[in-house]
Amino acid sequence: MDAIAGDVPALNARHGIPGRLAFAARFGGTIAELRHEGASVVVAVQGAQVLSYEPEGCGEVLWLSPQARLDTGKAVRGGIPVCWPWFGPHPGGGGQPAHGFVRTRNWHVVEGLERGQGVGLRLALTSQDLTAASWREDVSVEVVVQLDDHLDVALVTQNFGHEALTITQALHTYLRVGDIDAVTIDGLQNTPFIDQLAMGSIKRETHALRITQETDRIYQDSEGPVTLCDAVLGRRIVISKTQSRSTVVWNPWIEKSARLGDMGALGYRHMVCIETANAGSDAAVIAPGHSHALTANIRAVRA
Ligand code: BG6
C-alpha cells in the first residue's frame, strides 16, 4: 500500500503529483504538501494531522504551536488533530490517552488524489495497525484531505465486524485569529451546550459567542455551519460538516495555557478551536459492514 513514512523519495515516487502533491521532511517528521492554484495545505503523516491551510489571499487559517514537532508518541498541538476512537478522557479511564490514540501514530499513505479541479491525499490505519495498538481487529480508519477552493477533511471509520461499533471522535480544528477579543462565533446561539467547566451542566445562550475566559463546551444538536468572524484579520472562516451533530468550542485561556506548556507566549489570544465532532450524546453508532464519514469543510472568506 505504502512506502515507509520516513522515506520521502519513495513516497514522492509512488504518490507524488508533480506541482500538486509532494512529500518532504519538516517538523522533524514526514509531511505532504498539497497545492491548488494559490492555495496550500500541509499534512503530517504522523497523526494524519493537517498542520497548515493557506487559501489564496486569506493568510494562514490554522493555529500551530511554535513548539510543534513530530516526535513519535507525542501529540502536536495545533492544526487539525484527529481524535479517535474516543473524544476526551477514555470512557473506561485507566492510563489511556485523552482523545484516543491515533493522533500520535504513523499513518499509511494510501494515495494522492486528483479529483475534479482539486488535489487530495488519503491516509489510513488498517485493522492490523489497530490490533497492534491493542484495539479492535475489525475496524479501519482513514483521513481524506481534499483541497480546491476550500478544504475538506473526512474521517472515515469502516466497521468490518459482526457487531455495531460505537465511537466518539473529532476533527479538533485550531483556528488562528488576529486577537481573541475581536472574534465572534456565529451559528451556535440558542443551541444547548455541555459546559465542561461547570460539571457538565447544560446551558444555552441567545447571542453570538465571544471568548473572554477559559471556554470548553460541547454544543449538542449542532449540525449547521459555524462562522468565525475575525475583525483584526478581516476575514470569516465558515465551517460546515456532515455526519456530526456536535461542535466543540475550546480556548484554554491564561492558567490552563501555562499548565499545557506548549501554547507559546499569549498563544491563547491567537487561537480558538471549533471542532467538528461526534461527542457528548452524539456518539457515532456504525452498524456491521457499514462506514461513517465525519467531514469538516473549511472555507475562508475576506470580510
Ligand atoms: C478539547 C477538550 O477538545 O481539547 C478540552 O474539550 C481539552 O477539554 C482540549 O482540554 C485539549 O486536549 P489535549 O489532550 O489536546 O490537551
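The values are calculated or read from the model by the stated rules, or taken from the named source; none is laboratory data. These figures come from a predicted structure and were not determined experimentally. With ideal geometry, Cβ positions are generated from the backbone for all residues, glycine too; neighbour counts draw on all protein chains shown. With ligands, DNA and RNA removed, areas are computed over all heavy atoms of the protein, side chains included. Shrake-Rupley method; radii C 1.70, N 1.55, O 1.52, S 1.80 Å.
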Subject >> Which numbered condition residue 83 fails, given (1) within 15 Å of the ligand (Cβ to nearest atom); (2) part of a loop (DSSP other than H, G, I, E, B); (3) of a type in the set (A, V, I, L, M, F, W, C) >> reply: (2)
**OP:** Return yes when residue 109 is more than 16 Å from the ligand (Cβ to nearest atom), under 23 Å from residue 298 (Cα atoms), open to solvent by less than 50 Å² (accessible area, probe 1.4 Å) and touching a helix residue (DSSP H, G or I) at 6+ places or on another chain (Cβ under 7 Å) and no when it is not.
**Re:** yes
Original post:
Any residue at all in segment 253-265 that is within 15 Å of residue 187 (Cβ to Cβ), more than 11 Å from the ligand (Cβ to nearest atom) and not in a strand (DSSP E or B)?
Top reply: no
Original post:
List the pairs whose first member sits in segment 217-228 and is under 16 Å from residue 296 (Cα atoms), whose second member is away from the ligand (no atom under 16 Å from the Cβ) and not in a loop (DSSP other than H, G, I, E, B), and whose Cβ atoms are under 6 Å apart, counting only residues at least 6 apart or on separate chains?
Top reply: 225/238; 225/240; 227/186; 227/236; 227/238; 228/237
Original post:
Identify, please: which residue in segment 63-80 is out of contact with any strand residue (DSSP E or B) (no Cβ under 7 Å at 6 or more places or on another chain) and over 17 Å from residue 105 (Cα atoms) and is, among those, nearest to the ligand (Cβ to nearest atom)?
Top reply: 67
Subject >> Every residue from segment 266-303 that is farther than 23 Å from residue 195 by Cβ, of a type in the set (A, V, I, L, M, F, W, C) and open to solvent by 10 Å² or more (accessible area, probe 1.4 Å) >> reply: 266, 285, 287, 293, 300, 301, 303
Original post:
Does segment 200-218 contain any residue that is surrounded by 20 or more Cβ atoms within 10 Å (Cβ to Cβ), in contact with a Gly (Cβ under 8 Å, 6 or more places away or on another chain) and of a type in the set (D, E, K, R)?
Top reply: no
Subject >> Residues of segment 61-102 satisfying the condition of being surrounded by fewer than 18 Cβ atoms within 10 Å (Cβ to Cβ) and among the β-branched types (Val, Ile, Thr) >> reply: 72
Original post:
Can you spot a residue in segment 167-182 that is open to solvent by less than 60 Å² (accessible area, probe 1.4 Å), more than 23 Å from residue 50 (Cα to Cα) and not basic (Lys, Arg)?
Top reply: yes
**OP:** State whether the residues of segment 49-56 include one that is part of a loop (DSSP other than H, G, I, E, B), open to solvent by 40 Å² or more (accessible area, probe 1.4 Å), away from the ligand (no atom under 16 Å from the Cβ) and of a type outside the set (Lys, Arg).
**Re:** yes
